[in-house]
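The values are calculated or read from the model by the stated rules, or taken from the named source; none is laboratory data. Predicted, not measured: the structure shown is a model, and the values here were computed from it. With ideal geometry, Cβ positions are generated from the backbone for all residues, glycine too; neighbour counts draw on all protein chains shown.
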Amino acid sequence: MAVTLSFMSDPLPHVTFLAPDPAELAPLFPGYEIELLIATGGMGAVYRAVQKSLDRVVAIKILPQEFSNDAAFCAGFEAEAKAMARLNHPNLIGVYDFGEVNGMLYIIMEYVPGKSLFHSAHGIAIDPGEVIRLVTGICDGLAHAHEHGILHRDIKPSNILLDLNAQPKIGDFGLARPIDFKIQEGEEIFGTPHYTAPEVVDSPHSVDYRADIFSVGVLLHELLTGRLPADDPRPASVICRCDTRFDAIIRRASHPIPAQRYHSASEIAKDLRAIASSAGSRVPQTAVPRGPSRVAPSPARYAAKPKSSGSSGMIFLLVAAAIGAAAFWHLKNQTPPGPSAPEPPKTAVATPTTPIRPKTPDPAPSVDVEPQDNPDAEPTESPATIPSGMDSETMPDHAHSSESAPEDAAPEQPKFDVTGFFARARKIMVERATPLITARDKSLLENLSGFERGAKRLIRRIDWRGMRENAEVALENFIKDCGEEGHRIPARIPNTLVDVLGMDSLHDEFLEKQEAIDAGLAQSLFQLSPTYVLGLRKQIERLQSADDPVAIKLIEAEIRKTVDDEDYFPDLMLGKATGSDSWEDE
């Protein structure tokens, strides 16, 4: 059987999708008022819209024409959409309609005005009680889907949305399949690095609901510790001193052999609730942040004003990961921790807008625990594809040895051209990121235009001619200034506009949309980072035989920076970060 292995963070090279402007889609969806392009990628684009007949806010996802040209895909898409539309659970995002328009498949879904779990808690060790609340809700929704014959196939934080009450809702069923679905000849397998069960790669024809259970086990470990098991495979209780019963749940849920896992997601929820109901089971925790919170948009030339309490958190939709990419990467070759304790994580400041509780600092002194790794274990290689151009065969490798320099001598230089390698690798990734950045820029322009149209409507309502003319001039200058700042709406508008009735609320609305656009781009760019890391790891493998520890250390530093700091790679793609090109960056 010929099966194509892909990973979500790497767009398919044959799919090039330019998202239509909302104005272009409007005639195709006459029953909807399409307000905003939220995010776009190789798998399609997602828009926020209002269903006119019900005055209901919805999300519309459209897929590239390449998919509608595939008869088998269309048949599967229809079957899956109908199956998902039958699901009705508070922890699942609803599906309202689907179809094809102008050669593009589309699906209309429930719109959730909140952040994803990824944006709310990535790299942060959460209070165990809060983890239990979140994961039991996820398991309840997943069990409902499994009972109705639907396998999700891509459970991860970015596909879990938190509504305005911080209740988890599973989204992005774009990769879902009926449980009895069989992989066909030549079909691509989708998933996400670190969360995907081994059998998805090793035996794709045998995949069932237990693949989702594996992903829940990974998610549980990550929420408790702030780290993925692939990055720190020690038991969660060792990392963060949580209840040891969590270890048993994680170990069983993420067992490499499907038959050894839980028989249902409901069983995981039952065991978690047992921990919650135990008296004194919650131990004070020490937070284990891994990276800084996402930086707000660049400062505007106007002073910041307090935001109204009505503004919710940034809007992040259920399909951020799927539209960020459509390919699969299952990493089995994570380098295990060395004999010494892992490097302390970087300090982070958690600023989630949803009420997720970080761990309470433990008043008792902390105790360092040595990693529990197997010195005899050797990493194995998994099938994956390095981006074209990152192969070291095109990069000269000077593999001659040199004597060690004395301690007081200048730092030893790498034999391999690490700086040149980084430059080429980053250039390749920037080329992949460019369509995403271009789409973001278009969305910012569309958002600013929407604000301008709304502002003009408000100004036309002013009765006093002199005040109306002053506001028109102020708006014209304001829009011009925004254009010079990359079509960004600043945090404060001029006082002349503030005085216009309703302008303050309009500004808050479009400022929030802008934040959602930025969040969507950051997520899409972050989803590309595993491709970059894979190329770096492959280069390290090639340098092992070249006796070049200096080059290896520099590349390892770049990997750490990319993996540990969720902002680093997006900033690298946007030209806001340099890189680990020298010892000073260590």
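If you check I517, I540 for being assigned to a helix (DSSP H, G or I), free of Cβ contacts under 8 Å to residues at least 24 places away in the same chain and within 31 Å of the chain's Cα centre (by Cα), only one passes: I540.
Looking at A248, A269, just one residue is modelled with pLDDT of 95 or more, surrounded by fewer than 21 Cβ atoms within 10 Å (Cβ to Cβ), under 25 Å from G141 (Cβ atoms) and among the small types (G, A, S), and that residue is A248.
None of R440, R453, R492 is assigned to a loop (DSSP other than H, G, I, E, B) and either under 30 Å from G575 (Cα atoms) or not polar (S, T, N, Q) (or both) except R492. Sub-9 Å Cβ pairs linking a first residue in the stretch 112-127 that is outside the structural domain of A49 (by TED's automatic domain parsing) to a second residue that is assigned to a helix (DSSP H, G or I), at least 6 apart or interchain, number zero. Please work out which residue is farthest from the chain's Cα centre (by Cα), limiting yourself to the stretch 192-209 and to residues that are crowded, with 24+ Cβ neighbours inside 10 Å and of a type outside the set (F, W, Y). This residue is V207. Only one entry in L151, L134 is of a type in the set (A, V, I, L, M, F, W, C) and modelled with pLDDT of 90 or more, namely L134.
Report yes if L536 is of a type in the set (A, V, I, L, M, F, W, C) and under 25 Å from T40 (Cβ atoms), otherwise no. Considered against the rule, which asks whether it is of a type in the set (A, V, I, L, M, F, W, C) and under 25 Å from T40 (Cβ atoms), L536 comes out as no. Just one of the listed residues (P530, P549, P570) is crowded, with 16+ Cβ neighbours inside 10 Å and at pLDDT 90 or above, and it is P570. Only residues that are touching a strand residue (DSSP E or B) at 6+ places or on another chain (Cβ under 8 Å) and over 22 Å from K156 (Cβ atoms) were counted across the stretch 490-516, and they come to 1. The residues of the stretch 516-545 include none that are farther than 20 Å from A425 by Cα, in contact with a Phe, Trp or Tyr (Cβ under 8 Å, 6 or more places away or on another chain) and of a type in the set (S, T, Y).
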